[in-house]
Amino acid sequence: MKSKYKNITDENSAPVKRKFKKKPHPVGNIRIIAGKWGSRKINVIDQEGLRPTTNRIKETVFNWLQPYLPESRVLDVFSGTGSLGLEALSRGADYCHFNELSAAATNMLKQNIESLDALDESKVSSQDAKSLLSMKAVEPMDIIFLDPPFDLDIYQLCFERLEENNWVKDGSLIYCESARRFDIEVPSHWDVLKEKKAGQVCSRLFEVRLKNEQ
């Protein structure tokens, strides 16, 4: 019996390429700390620039945010494989828009959302942050996570476009995670609510105050 792969260099006899994308292979997992999915694990992949927030930092951040999470609308601008946004949904947020540029990380993110049966509470987009925040939001968000790769100094641009394009309202909360070496300048009319430095990481929580509402 002749092998169907015998003339592999012949265009007409080569096997048909698969039309579906290969699923990304997880290299580890991280735990959802509390809420309806508490102790459940989500998968992560090994990819340059992908840096899931540690459980220690995440515990601090969500202690800050817990009073504001119930029924909130959340935007996770640099989602990775979904750690922050899924923790928010687990703890009572109504909706999370996840955005992640990397195709592999986006595929893993979608798998994590599906594994938690969270499709109805989620939206996933895959584009760079500048493009996403340049679009006019239909409705402002209550909580926004900005946790970009540490070598990407994009915070000021994000702050400007969040205000310009209706992503925030007066009282929206913005969590920023950055390398400790970065001196982030927030708009002067915003309030700094919390700040904590641990190792090389700096965590900050801001409250938006819109100029025209002061």
**OP:** Select from segment 153-179 the residues that are of a type in the set (Gly, Ala, Ser) and at pLDDT 95 or above and write down the one among them that is surrounded by the fewest Cβ atoms within 10 Å (Cβ to Cβ).
**Re:** 171
Subject >> When residues of segment 72-129 are limited to those that are β-branched (Val, Ile, Thr) and closer than 24 Å to residue 169 by Cα, the one nearest to the chain's Cα centre (by Cα) >> reply: 77
Subject >> Residue tally, condition open to solvent by 10 Å² or more (accessible area, probe 1.4 Å) and on the phi > 0 side of the Ramachandran plot, over segment 73-126 >> reply: 2
**OP:** Test residue 49 against the criterion of being surrounded by 11 or more Cβ atoms within 10 Å (Cβ to Cβ), part of a loop (DSSP other than H, G, I, E, B) and at pLDDT 90 or above, and give yes or no.
**Re:** no
Original post:
With respect to the numbered conditions (1) outside any helix (DSSP H, G or I); (2) more than 18 Å from residue 32 (Cα to Cα), which one is the sole condition not fulfilled by residue 158?
Top reply: (1)
Original post:
Could you give every pair whose Cβ atoms fall below 9 Å, whose first residue belongs to segment 183-195 and is in contact (Cβ under 8 Å) with a residue 12 or more places away in the chain, and whose second residue is part of a loop (DSSP other than H, G, I, E, B) and of a type in the set (Lys, Arg), counting only separations of at least 6 or pairs across chains?
Top reply: 187/209; 189/209; 190/209; 191/209
Subject >> Checklist (1) in a loop (DSSP other than H, G, I, E, B); (2) free of Cβ contacts under 8 Å to residues at least 12 places away in the same chain applied to residue 120, failing item >> reply: (1)
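The values are calculated or read from the model by the stated rules, or taken from the named source; none is laboratory data. Fair warning: this is a prediction, and the values are worked out from it, not measured in the lab. Every residue, glycine as well, gets a Cβ built from its backbone with ideal geometry; the counts of neighbours run over all protein chains shown. Ligands, DNA and RNA are stripped out before the accessible areas are found, and what is left, the full protein with its side chains, is counted by its heavy atoms. Shrake-Rupley method; radii C 1.70, N 1.55, O 1.52, S 1.80 Å.
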